[in-house]
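Okay, so here's the structure we're looking at.
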Amino acid sequence: MNLLEENQATDLEQMVGLTRRRFIGAGALCGAAMFLGGNLLTRSALAAGVSAASNSPLLGFASIAASTRDTLTLPPGYTASVLISWGQPLHQDGPAFDPSGNGTAKAQEQQFGDNNDGMSLFAFPDDDTRALLAINNEYTNYRYLFAHGGMPQSAEEVHKAQASEGVSVIEVKRQGDTWQFVQGSRYNRRIHGNTPIRLSGPAAGHDWLKTSADTSGQHVLGTFQNCANGMTPWGTYLTCEENFTDCFGSSNPQQAFDAGQKRYGVVAASKEINWHQYDPRFDIAKHPNELNRHGWVVEIDPFDPQSIPVKRTALGRFKHENAALAQTRDGRAVVYMGDDERGEFIYKFISRDTINHQDPKANKDLLDHGTLYVAIFDAGDGNTDHPKGKGQWVELSFGKNAIDASSGFTSQAEVLIHARLAASVVKATRMDRPEWIVVSPTDGQVYCTLTNNTKRGEDGQPVGGPNPRENNLYGQILRWKANADDHGASDFTWDLFVVAGNPGVHAGSPKGGSSTITPQNMFNSPDGLGFDQAGRLWILTDGDYSNSGDFAGMGNNQMLCADPNTGEIRRFMVGPVACEVTGISFSPDQKTLFVGIQHPGDTGDSTFPEHLPNAKPRSSVMAIRREDGGIVGA
Ligand code: FEO
Ligand code: CA
Ligand code: CA
């Protein structure tokens, strides 16, 4: 950016600040009506000198330039507003956000959670201006949660941290062209680290899930580290527990860990989280089985605020990223799931029974009975630009495929609790950190981000197949097609839709990425994915935003949009400083795109979204629309 553009940006950002203050002065306190300046966004996109030249019938916007500015940047003709931000009160007369960090745990339990991640929109069947959004709150940033800016120093502070995670269910309403959060809706709800939750399915009640507080092994407190999500055809929300082991520790510095605990990565003292020091439930030395009660997919009925969420053990326990629903040709539910850790696996669950599309409530136990599979990929054809190959799903059932006493298992409950160990028995393919999985609404192909993997090429993780690069800095997007287009099939073909890279720094593959990657659309660490109804593939990044070295020219984290048929990728949005872009959903008419900005100012240097002097950065859900009222992306 040259000096002139810098000055223009400053002036425009001041205008945005004024806009915000006017709204506050007018009593619009929800933040829902905060416009981040179509003018500003238009100006920045025009400054990039980009064109909308296209050979894609799907992509109708001009790709924008990378940016390192502390704002949301969009193509010309698009505008954004804040739907909701961390700490906003959900209920009438609820405690207001306290930027000092001195707010209580009880207040946080009644406010929008922190670090929003995956989300799903549930339209009201009889009113297309109303919907519920179920939104994950993945973790919290102690720098902003507490006035002292460090790890919790009391039981109350641990409680507050637990209250900031989980899920927020909110009602949203269309008013004119924009969608706004409905404070005080009877549907608004927080599910957090201490909410009563039921365990169900084959592992519920197993000895390994019993604790002194719950001798039944069926009633657990809380869900936390809720990464991404899924939405069932019967109208429920799936929230996925990812880095749950980080929340546990041990008061015994010499704590010995068994094979299962080691494989899931628990340590005596996490560098990030110290809950066990003030909440004995998280102390492995005192309550070793509590760890086994987390790492599941949790099902929530957003339309019943009194409902008890359910952890579905049949889907297996690992560091769940998201849950992508599909259907077999004979009508059973399929759930595709990734385990986000270097060298971990991709799974598929198929329900025993068929989905009842006439009576949604008849599916309330559908995810309790079924079969879990894990993916094995072949070495592929070795093509560096666009490799492809074949793969198969291998069943993880006790008594099959050498998953039995010979490999240390005595029941299906153990297989599910230690799904990683069972998947290793069948020699599943170790992947480059599986993140989101989505299923194309137009052709049923399945896409999965493999975000990066600095350990590829070492540690028993051979280079090849869908993981083609040693020390994989940039990531790739894997795609597979079920045999005969039946998600129930046990085999499939695969290809890499795109291999990310930096052609500005590295010429050609492997580090320059696929031929569809250019200096104008490059990105690293694809993570979130979303399809709109027309079949546009939206790609959200959680990568290195240093804009230097191997990442020079890539700027802040961003959202891109791809045409799955032509492979063309355009940059649609750039997030503010130090954020991750994660969580995506669309209004029923496809004219508003909801996208999450997570942990802006992670490193302490953002005022997003208020952009007022010294404002605390706040994770937020943004509503993006076209100024002409058209379909987003078209
Ligand atoms: Fe929560 Fe793997 O991202
Ligand atoms: Ca993610
Ligand atoms: Ca990530």
Counting just the residues of the stretch 519-537 that are in a strand (DSSP E or B) and within 16 Å of ligand 1 (Cβ to nearest atom), which one comes out nearest to G630 (Cα to Cα)? G530
Candidates G399, G389, G380 - the one that is at pLDDT 95 or above, surrounded by fewer than 17 Cβ atoms within 10 Å (Cβ to Cβ) and either among the charged types (D, E, K, R) or away from ligand 2 (no atom under 16 Å from the Cβ) (or both): G399
Determine if the stretch 603-614 includes at least one residue that is modelled with pLDDT of 95 or more, among the polar types (S, T, N, Q) and surrounded by fewer than 22 Cβ atoms within 10 Å (Cβ to Cβ). yes
Can you tell me which residues in the stretch 303-335 are within 30 Å of Y187 (Cβ to Cβ) and within 15 Å of ligand 2 (Cβ to nearest atom)? K319, H320, E321, N322, A323, A324
Between a first residue in the stretch 558-586 that is on the phi > 0 side of the Ramachandran plot and a second residue that is assigned to a loop (DSSP other than H, G, I, E, B) and at pLDDT 95 or above, which pairs have beta carbons less than 8 Å apart while being 6 or more apart in sequence or on different chains? G567/S514; G567/T516; A578/Y545; A578/N556; A578/H599; A578/P600; A578/G601; A578/S606
Taking first residues from the stretch 396-421 that are under 16 Å from A204 (Cβ atoms) and of a type in the set (G, A, S) and second residues anywhere that are in a helix (DSSP H, G or I) and open to solvent by 40 Å² or more (accessible area, probe 1.4 Å), the pairs with Cβ under 9 Å that are 6 or more apart or on different chains are A413/D207; A413/W208
Complete set of residues in the stretch 221-232 that are closer than 30 Å to L540 by Cβ, more than 16 Å from ligand 3 (Cβ to nearest atom) and not small (G, A, S): T223, F224, M231, T232
Where in the stretch 438-518 are there strands (runs of 3 or more DSSP E), lying fully within it, with 1 or more residues that are within 16 Å of ligand 3 (Cβ to nearest atom) and open to solvent by less than 60 Å² (accessible area, probe 1.4 Å)? 446-450, 476-482
What do you reckon, is D246 over 20 Å from P434 (Cβ atoms) and of a type in the set (D, E, K, R)? no
Quick one: in the stretch 538-558, of everything that is within 23 Å of S585 (Cβ to Cβ) and crowded, with 24+ Cβ neighbours inside 10 Å, which residue is farthest from the chain's Cα centre (by Cα)? N556
Please go through (1) away from ligand 1 (no atom under 16 Å from the Cβ); (2) acidic (D, E); (3) within 20 Å of G118 (Cβ to Cβ) for D589 and return the number of the only condition it doesn't satisfy. (3)
Residue under question is D258, and the condition is that it be within 16 Å of ligand 1 (Cβ to nearest atom) and open to solvent by 50 Å² or more (accessible area, probe 1.4 Å); does it hold? no
Checked the stretch 538-577 for anything over 15 Å from M622 (Cβ atoms) and within 16 Å of ligand 2 (Cβ to nearest atom); matches are I539, T541, D542, G543, D544, Y545, L560
Single condition M573 does not satisfy, out of (1) within 21 Å of I477 (Cα to Cα); (2) open to solvent by less than 20 Å² (accessible area, probe 1.4 Å); (3) within 16 Å of ligand 3 (Cβ to nearest atom): (3)
When residues of the stretch 189-213 are filtered for being on the phi < 0 side of the Ramachandran plot, open to solvent by 10 Å² or more (accessible area, probe 1.4 Å) and part of a loop (DSSP other than H, G, I, E, B), how many remain? 10
Against the condition within 16 Å of ligand 3 (Cβ to nearest atom), out of contact with any strand residue (DSSP E or B) (no Cβ under 6 Å at 6 or more places or on another chain) and not basic (K, R), how does G543 come out, does it pass? yes
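The values are calculated or read from the model by the stated rules, or taken from the named source; none is laboratory data. This one's a predicted model, so the numbers in the text were calculated from it and none came from an experiment. For neighbour counting, all protein chains shown are included, and Cβ atoms are generated from backbone atoms with ideal geometry for every residue, glycine included. To get the accessible areas, we keep the full protein, side chains included, count just its heavy atoms, and leave off ligands, DNA and RNA. Shrake-Rupley method; radii C 1.70, N 1.55, O 1.52, S 1.80 Å.
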